[in-house]
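Notes follow the structure.
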Amino acid sequence: IYHLPQKNILDLSLILMLTCLMGARLFHVIYENPEYYLTSPEKIFYLWEGGFVYFGGAFLGVIAAFGYLKYKQAPNYGAYFDAFSPVLAFMYGAGRIGCFLAGCCYGSSCDFPWAVAGKHPTQLYATFWELGAMLILLGSEKKKSFKSPGSLFALWIALHSLGRLLMESFRDDFRGGLVFDMSVSSFISWILLIGSAFALVSQFLKNRKSAR
């Protein structure tokens with residue numbers, strides 16, 4: 001669909017795997033539990049004990065992707081991000097299954113039949129939401145609903161941010177500091193949702209104008 005160089009895609013996949021892991025870990029170390037790692041710095045490398053923050057990995061991954069594409073002088077950055085969008089949705093959904101099995105990122109008290117240990121299974125909420133987003137992305141990709149490069153990625157950002165805000169409303173674990181009475185993750189999600197919605201609406205109006 002995108003006709004992108006296979007080598008660039010493979011290189012970018014490896015870069016994203018490494019930088020997303022590093023960013024997620026570093027954000028946890030620096031933001032969530034710095035005192036613990038100052039006293040036991042060797043524990044920073046104990047990845048099997050858990051401790052990752054999604055937005056930290058996402059931000060470092062995006063920066064690294066831009067850096068690589070700029071280094072390769074690759075045209076049409078948006079097409080690369082569009083191509084990875086369904087994959088990113090799947091990876092996030094699969095990652096939340098890991099959170100569910102580890103017992104982290106749990107929700108508040110719940111008396112519904114699907115409650116797990118008396119709590120909302122927010123991890124599974126996120127998984128189902130993101131898998132639904134993946135299907136929407138794949139359908140839009142197949143139908144070529146978006147003509148402008150980067151629009152599919154903007155759609156994923158909007159869907160992901162909306163799902164994250166919904167999940168955050170049920171979370172009951174440690175959420176770090178607050179910004180405007182919101183968790184940092186909710187605050188970031190609002191910024192991403194507004195930004196991606198603006199990009200999609202702007203592109204829609206631009207395409208509609210050019211079609212006249």
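Annotations
- Cα-based radius of gyration for region 90-212, normalised by 2.2 N^0.38 Å, reads 1.23.
- Cα-based equivalent ellipsoid of region 10-63: semi-axis lengths in Å, sorted from largest, via gyration tensor: 22, 11, 7
- Relative contact order of region 82-126, pairs being alpha-carbon contacts under 8 Å that are 6 or more residues apart, as %: 34
- Among the chymotrypsin sites (Phe, Trp or Tyr not before Pro) in region 127-212, those located in a DSSP loop and surrounded by at most 10 other Cβ atoms within 10 Å of their own Cβ are PHE174, PHE180.
- Normalised per residue, the volume of the convex hull around the Cα set of the chain (Å³): 150
- Length added when fully stretched, PHE128-PHE45, from 0.36 nm per residue minus Cα-Cα: 26.8 nm
- Region 10-27 and region 54-89 have Cα centres spaced 11 Å apart.
- Relative contact order (percent, whole number), the chain, Cα cutoff 8 Å, 6+ residue spacing: 18
- Taking the longest Cα principal axis of the chain as reference, the axis of helix 122-143 is set at about 10 degrees.
- Cα gyration tensor category, rounded, prolate or oblate, for region 47-158 with a/c compared to 1.5: oblate
Rule-based calculations on the coordinates, nothing more; no lab input. Every value quoted in this text rests on a predicted model; they were computed, and no experiment measured them. No Cβ is skipped: glycine too gets one built from the backbone with ideal geometry, and neighbour counts run over all protein chains shown.
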